[in-house]
Amino acid sequence: MSLRVTTVDRAKLSSVIRKNISSRIPGYLEVLEAHCRKMFGKSCIDLFFDEPESFRAVLFTRYNNDVNPVYFAIKYLFLRAILTALDMLELEEELARDFIENPLLFKEKFHKILKI
């Protein structure tokens, strides 16, 4: 993986994610938000950025340990929005796989890309 590094505004990325999800599956983020806040007391987007292992736990709990909807949500709702905005869509599959298989590695790579 060739990592291009860019400094981005976290609020802008959060907005990109929210708009992407709302346009594709209205109400989805609000439902998911209830699970994130119940389990960890934080927003889903904060967990996604700061504690992907916790966000992964929320998704797997929500989807009864079924990897397919977790993979779909991460790849098409969260990562695609960000990576499209950053013109780095070629990293989508690798990062989605890392999120599923090794969220700490995902966090390391993701933070390196975003310089956060």
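The values are calculated or read from the model by the stated rules, or taken from the named source; none is laboratory data. Predicted model only: the values in this text are computed from it and were never measured. Quick reminder, even Gly has a Cβ in these numbers, built from the backbone with ideal geometry, and neighbours come from all protein chains shown.
Scan the range 10-31 for residues that are without any contact (Cβ under 8 Å) to a residue 40 or more places away in the chain and of a type outside the set (D, E, K, R) and the total you get is 9. Applying a threshold of 8 Å to beta carbon distances and a minimum spacing of six or more residues, or different chains, the list of pairs starting in the range 89-116 at a residue that is closer than 17 Å to residue 51 by Cβ and ending at one that is of a type in the set (S, T, N, Q) and not in a loop (DSSP other than H, G, I, E, B) is empty.
A quick yes/no check of all residues on (1) part of a loop (DSSP other than H, G, I, E, B); (2) in contact with a strand residue (DSSP E or B) (Cβ under 8 Å, 6 or more places away or on another chain); (3) under 24 Å from residue 89 (Cα atoms); (4) in contact (Cβ under 8 Å) with a residue 24 or more places away in the chain:
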site: 38; (1), (2), (3), (4): no, no, no, no
site: 46; (1), (2), (3), (4): no, no, yes, no
site: 49; (1), (2), (3), (4): no, no, yes, yes
site: 56; (1), (2), (3), (4): no, no, yes, yes
site: 68; (1), (2), (3), (4): no, no, yes, no
site: 71; (1), (2), (3), (4): no, no, yes, yes
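Just give me the residues in the range 70-108 being over 25 Å from residue 31 (Cα atoms), crowded, with 17+ Cβ neighbours inside 10 Å and at pLDDT 95 or above, in sequence order. Matches in the range 70-108: 91 only.
When 16, 58 are checked against the criterion of being surrounded by 15 or more Cβ atoms within 10 Å (Cβ to Cβ) and modelled with pLDDT under 95, 16 stands alone in meeting it. The set of residues in the range 73-88 that are in contact (Cβ under 8 Å) with a residue 12 or more places away in the chain, of a type in the set (Val, Ile, Thr) and closer than 17 Å to residue 10 by Cα contains only 82.
State yes or no: is residue 99 part of a helix (DSSP H, G or I), under 13 Å from residue 32 (Cβ atoms) and among the aromatic types (Phe, Trp, Tyr)? The answer is no for residue 99. Here residue 33 does not qualify as charged (D, E, K, R), within 18 Å of residue 112 (Cβ to Cβ) and at pLDDT 95 or above.
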